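What follows draws every value from the coordinates through simple rules; no lab data is involved. Small disclaimer: the values here were computed from a predicted structure and weren't measured. In this analysis, Cβ positions are derived from the backbone assuming ideal geometry, glycine residues included, and neighbour counts consider all displayed protein chains.
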Amino acid sequence: MEKLKIGMCAALVAGLFAIAPAHASGGGGGGMPMPSGSDESDMKPSYRNAVKLVKAKRYQEAIVMLEDLLKDDPHNPDIMNYLGFSYRKLGYLDNSAAYYKAALTVKADHLGALEYQGELFLMQNDVASAEGNLARLASLCGDCDEYDDLKDAIEDYKENHPA
């Protein structure tokens, strides 16, 4: 497979920031996001396959499928969140940041994107921004999986990076 390029998603994401309508799906975190109010049987087979690839840590293959899905559904924050997650896992932090930002532009209270963006902030040594996402999660869902996972990640970060 060709090497992924940092600017690969720039054109796709650039157009997303002009949109305002919220997407109907929610998406969680706590490992892997799933649209709230639906199960995998309600989703397109190609989306289910992309999710399976992400869960199998086959991120490059997942990215190809997810970017194709996003072309057909450009307002879907769950797809954007999976793209951000996959790019982050591959170390393409700029792409990851762009997709998390896009997901949160479409759906500001997307729990999975808030959690994973917080984890990205930690990778960038930006604890204050990660804690900001944690505070947003606390106000949105209290003691949910996304909050707990980000809280644990922040605590681990602080233990391994003493001030």
Checklist line | the range 109-163, relative contact order in percent, only Cα pairs under 8 angstrom and at least six apart counted | finding: 38
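Taking the highest mean first, how do the peptides 122-130, 142-150 order by number of other beta carbon atoms within 10 angstrom per residue?
142-150, 122-130
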Next item on the list: Based on the mean of other Cβ atoms within 10 Å per residue, sort peptides 50-61, 73-84 so the most packed one is first.
Entry: 73-84, 50-61
Next item on the list: Over the range 38-90, calculate the relative contact order: mean separation of alpha carbon pairs under 8 Å at least 6 apart, over the residue count, as a percent.
Entry: 34
Notebook entry, point to check: Using 7 Å Cα-to-Cβ label points, what is the N125/L93 separation (nm, one decimal)?
Noted result: 0.9
Next item on the list: Could you run the Karplus curve 6.51 cos²θ - 1.76 cosθ + 1.60 with θ = phi - 60° over the range 50-63 and give me ³J(HN,Hα) per residue in whole Hz, x for Gly and Pro?
Entry: 5, 4, 4, 5, 4, 4, 8, 6, 9, 5, 4, 5, 4, 4
Item checked: Tensor-based shape of the range 38-90 (alpha-carbon gyration tensor, a/c under 1.5 rounded, otherwise prolate or oblate) -> oblate
Note to self: As an exercise, use a Förster radius of 35 Å and the Cβ-Cβ distance of N160 and S139 to find the FRET efficiency, rounded to the nearest 0.05.
What the structure shows: 0.80
Item checked: Vicinal HN-Hα couplings computed from phi for the range 65-71 (Karplus, 6.51 cos²θ - 1.76 cosθ + 1.60; Hz; Gly/Pro x) -> 5, 5, 5, 5, 4, 5, 4
